[in-house]
Amino acid sequence: DGLPDTAHTHEMDAALNQVGFTLIETKDIAIEMTEKELKAGGKTWYHPLTPSYNVLSQRFQFTPVGMPLTTTLLKILEFMRLAPTGTSKVQTMLQQGAIGLAKGGEQGIFTPMYLCVARKPLRKE
């Protein structure tokens with residue numbers, strides 16, 4: 001899903017330092033937001049990527065029933081030329097990516113919201 005080179009947060013910090021930036025603040029905003037959202041009765045950032053048996057929800061596609069059903073329906077649409085060839089393969093890839101992101105969020109090993117506040121050094125001329 002386009003994130004093969006995702007870096008660890010400590011690597012981000014080191015890279016900024018290496019090129020001369022001064023780190024002022026770094027933090028995982030997702031943790032703060034999740035705690036606030038949950039206290040207010042809200043959902044986590046990864047909630048839309050978790051399974052639900054509500055067939056009217058896009059989350060149904062992440063269930064053991066929804067995954068093969070979605071693939072089969074897309075293959076039928078491809079066969080009828082109502083969907084481009086390869087649509088079902090792309091959907092499967094995207095589902096697997098979403099499942100991985102949700103698991104990473106649940107385990108606290110992935111964040112889409114790492115904030116780095118850094119100061120650029122003054123340029124001397």
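The values are calculated or read from the model by the stated rules, or taken from the named source; none is laboratory data. What you see is a predicted model, and the numbers here were worked out from it, not measured in a lab. Reconstructed Cβ throughout: ideal geometry from the backbone, glycine too, with neighbour counts over all protein chains shown. We work out accessible area using only protein heavy atoms, side chains counted, and drop any ligands, DNA or RNA first. Shrake-Rupley method; radii C 1.70, N 1.55, O 1.52, S 1.80 Å.
Summary of values
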| quantity | calculated |
| --- | --- |
| Rule-of-thumb Rg ratio for the chain [Cα; 2.2 N^0.38 Å; N residues] | 1.45 |
| Carbon/sulfur fraction of accessible area - the range 1-118, other protein chains in place, 1.4 Å, % | 62 |
| Angle in degrees between helix 87-107 and the longest Cα principal axis of the chain, rounded to the nearest 10 | 50 |
| Theoretical gain in end-to-end length, F79 to Q58 [0.36 nm per residue, Cα-Cα removed] | 5.3 nm |
| Residue with peak Gaussian network fluctuation, the chain [Cα springs, cutoff 10 Å], from P48, P68, P84 | P84 |
| Peptides 109-118, 6-15 ordered by average Cβ neighbours within 10 Å, highest first | 109-118, 6-15 |
